[in-house]
Each structure stands twice: as C-alpha cells, then as structure tokens.
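Heads up, the thing below is written out as structure tokens.
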Amino acid sequence: MTVSTQPRRGGGYLERPAPSGLADVIEVILDKGIVIDAYVRVSLVGIEILTIDARIVIASVDTYLRFAEATNRLDLYEKGGKDLTEAVGDLAEGGAKKKTSGAIQGVKHAITGGDDDDEDDQERRRPAKKTTSRRRRTEDA
Amino acid sequence: MTAELGCYVYGVVGSTAAAPDTLPEGVGGTAVERVALDEVAALVSDVPLERPPGRRRDVLAHSAVLDAWAQRGPVVPVRFGSVLEDRDAVVPELLGPRYDDFVALLDDLAGRGQFTVRARYHEPVVLAEVVRENPEIERLREATRDAPEEAVYPEKVRLGELVAQAMEAKRQADAATLLDLVVPHVAAHVVHEGAGVDHLLEAAFLVDDDRRNRFEDALESVAEAMHERAAVRLLGPLAPYDFVAGE
C-alpha cells in the first residue's frame, strides 16, 4: 500500500486514508488469502488474539454496561448546550473510561495506535493521541 | 554464522506480469523475487526462522508487497505467515499441485481490484436517536442515570441490552441501505463480521477497473447522506484478499 491511491476529486465525505496503519492492514489481511501447506506458519504476535477478543465481547454484560453508561451521559447533548462535535468528544471520552466497560474501545485504540514502526509495545498502546487530546481539550473547555 | 532460512510466500502472480515500479521490501527487509512455473509465479523471499515474522513491520511488509503487485495486475494473496522450507519447495508443493487453480484465479481477477469499506456510527448521535425512539430505554436511562452502579445494576444491564438491540436494528437497516446503493457497481462483495460497538458495516468489494468511478461515486453519495450519523472509510485498491478461496 505504499503505492499511490491517488485521491479522487476531493471535498467529499468519504474518507480515503492511505492504508498504512497497522489497524487497517490487520483488518484487511487477517485470516485472508489462500491457505497453503506450509513448512512453518507464523502468527501475528499478540495482535490476532486482541482483534478476536474485540469481536467476541460485543454481546456481553460489559458491553451492555458500556452502552448504558454512554446512554446515561447523553444529557449534555440533549440540553443543546454544546454543539455536536463537543458532545461527541465528551461522550466518547466518558464511554472509554478505565473500567472493563471501555475494554473494546481500548482494544480498538490499542490496535490503532501509531503508525511508527516501534514494534515491541504495539499491543498495549494508549489510545490514539490525536483523538484523545482533542477530547480532553473539549472536556476542559 | 548460518541462520536457518525459510521461504516466505506472499502470493501468486503471472510469471510474465510487469513488476511494480517501486518494489517494496519484503518481510524483514528482504528482497522479494519470483519463482515461476510456466505461466504462474510465487512471490517469495528468504526469511530467518529463529526470529519468525509476525510483528508490525512484517504485517505491513506483507500487505505492501501484495498491494504493490495488485496495482499492476492480478495477484492471488497467500495467508500471512506462510513459510515453505526453501525455494525448491515452491514448485512441487505450491505451484505444481494447484497450477490450474492459479491460472483460473489470475484470469478471473484480471482488471479488478478490492476495496474495503468501513462504516462506523458517530455513537452519541445514534444513541440519542435510540433514546428518543424508545420509551423504555428513556425510562431506564432516567432511572439509572444518577444512581450508583451497584444500586441499579440489573437496570443498567437491561438498559444496555435494549440499547444494543436497538443499535443492531439500526445497523441492519443502514447496512442494507449502503449495500443497495453500492452493490450494483461491483463484481462481488463480502460482508465481514463487525468489530466494535460503533460498527455499522465492514465489507470488501471486488470492483472492475472500468466501473471504479461509479462505485466510488455511489459510495461518496452514501457517505454524504450518512455523514451526520456515521463515517464511511474506503481503503483501496488492494490485493483481492477476500476474493480468493479460503481453503
């Protein structure tokens, strides 16, 4: 994916990221492609399991609690005191807080984290910095 | 020092297909080469086995090699992490036994590319819809909002369950809308299982080169129509990871 995906006539709502981030690539290639009778088959270190976990946990009590918390926090949005972007930031921040109920989002962010080639701490990265700092700023404002 | 080497296999291409202008490095910084049998060839490189591939840069290298070749012509991706004993094994163990399959697959994939679409809800927006549309959810929300979790645990779980169900119903409707608009422009598609609570749709599309503009235009209109409620991302063109036989 190093090769051009030439951006088309721009200005659209469709996001066209250069798919060089680990999360995108993992989602695209995981369990894909023909299976051959291999001499050695290596697996993704750590990543595969995390991704599968994220898929399984959806219909769990933890997920329900996370939904409930996110729903409980909707008041900011409903009062109309903030614009949509701010409300989104607040809610997302609140929904992903420390407890198990934020585990899924945590996993997604861990997989997403950073495009640099620092390989050994990839599994437990903190949430993508850009998003997080924007959310924090909104909350502090 | 003689490190034990294995023959890492990325995929299969035509043996006389034009190579990419820029050849990405393979796994572990190795050079990717072709091992051919008549019309087909495996893309391979020698990798050390005492530190097997499987890390971030290996994953990126695997996909970079395949996607670069896919820009130039058909390629059949092999699953990540497949290593043969050595190059001498490529023809007798891979290309020979499945030669006809590879020829047919490459022929079928010519002039087509894969695009992967990922649509995710803006969760608070859709949650607000769910609350407005469902009195029981609104009631439980009020009942649990300011209470400590221990005191209203069953209600919270019930609330979350109802919200999850309501989100699922929306997801099915919205995903169907998206697919209805896009699928007429593609040769094939595969819908993936979701990952994440804001999941709306993740799907791979095999698109003929000469219909790509129509496909992208259709998706752009979908993204515009949904933009207040969801974000739609498009990756590609990629190697056709989802459109080769899994076994």
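The values are calculated or read from the model by the stated rules, or taken from the named source; none is laboratory data. Note that the structure is predicted; figures quoted are calculated from it, not measured. Reconstructed Cβ throughout: ideal geometry from the backbone, glycine too, with neighbour counts over all protein chains shown.
Quick check: is even one residue across the stretch B:59-74 more than 25 Å from the chain's Cα centre (by Cα) and either closer than 20 Å to A:Ala18 by Cα or of a type outside the set (D, E, K, R) (or both)?
The answer is no; no qualifying residue exists.
Screening B:Ala61 against (1) within 7 Å of another protein chain (Cβ to nearest Cβ); (2) out of contact with any Ser or Thr (no Cβ under 7 Å at 6 or more places or on another chain); (3) buried (at least 18 other Cβ atoms within 10 Å of the Cβ); (4) modelled with pLDDT under 95 leaves a single unmet condition, (1).
Please state which one of B:Gly11, B:Gly26, B:Gly81, B:Gly6 is closer than 13 Å to B:Ala239 by Cα and touching a strand residue (DSSP E or B) at 6+ places or on another chain (Cβ under 7 Å). Please lay out each step first, then the result.
On the way: B:Gly26 fails: closer than 13 Å to B:Ala239 by Cα; B:Gly81 fails: closer than 13 Å to B:Ala239 by Cα; B:Gly6 fails: closer than 13 Å to B:Ala239 by Cα.
Among B:Gly11, B:Gly26, B:Gly81, B:Gly6, only B:Gly11 is closer than 13 Å to B:Ala239 by Cα and touching a strand residue (DSSP E or B) at 6+ places or on another chain (Cβ under 7 Å).
When the residues of the stretch B:107-166 are filtered to those that are of a type in the set (Gly, Ala, Ser) and part of a helix (DSSP H, G or I), the one that is surrounded by the most Cβ atoms within 10 Å (Cβ to Cβ) is B:Gly160. Restricting the stretch B:83-119 to residues that are at the interface with chain A (Cβ under 8 Å from one of its Cβ atoms) and touching an Asp or Glu at 6+ places or on another chain (Cβ under 9 Å), which is nearest to B:Val232 (Cα to Cα)? So the residue we want is B:Arg118. Of all the residues in the stretch B:217-247, those that are among the β-branched types (Val, Ile, Thr), facing chain A (nearest Cβ under 7 Å) and not in a loop (DSSP other than H, G, I, E, B) number 1. For the stretch B:205-216, filtering for residues that are of a type outside the set (S, T, N, Q) and either over 28 Å from B:Val244 (Cβ atoms) or at the interface with another protein chain (Cβ under 9 Å from one of its Cβ atoms) (or both) leaves 1. For the stretch B:34-58, residues that are outside any helix (DSSP H, G or I), buried (at least 17 other Cβ atoms within 10 Å of the Cβ) and not aliphatic (A, V, I, L, M) total 7.
For B:Glu93, the conditions (1) charged (D, E, K, R); (2) surrounded by fewer than 22 Cβ atoms within 10 Å (Cβ to Cβ); (3) touching a residue at least 12 places away in the same chain (Cβ under 8 Å) are fulfilled apart from (3). The residue of the stretch B:66-75 that is surrounded by the most Cβ atoms within 10 Å (Cβ to Cβ), among those that are of a type in the set (A, V, I, L, M), part of a helix (DSSP H, G or I) and more than 7 Å from chain A (Cβ to nearest Cβ), is B:Leu66.
Residues checked against (1) hydrophobic (A, V, I, L, M, F, W, C); (2) assigned to a strand (DSSP E or B); (3) out of contact with any Cys (no Cβ under 7 Å at 6 or more places or on another chain); (4) buried (at least 18 other Cβ atoms within 10 Å of the Cβ):
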residue: B:Gly6; (1), (2), (3), (4): no, yes, yes, yes
residue: B:Val13; (1), (2), (3), (4): yes, yes, yes, yes
residue: B:Pro77; (1), (2), (3), (4): no, yes, yes, yes
residue: B:Pro97; (1), (2), (3), (4): no, no, yes, no
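Would you call B:Ala188 more than 10 Å from chain A (Cβ to nearest Cβ), touching a Phe, Trp or Tyr at 6+ places or on another chain (Cβ under 8 Å) and at pLDDT 95 or above? Answer is yes for this residue.
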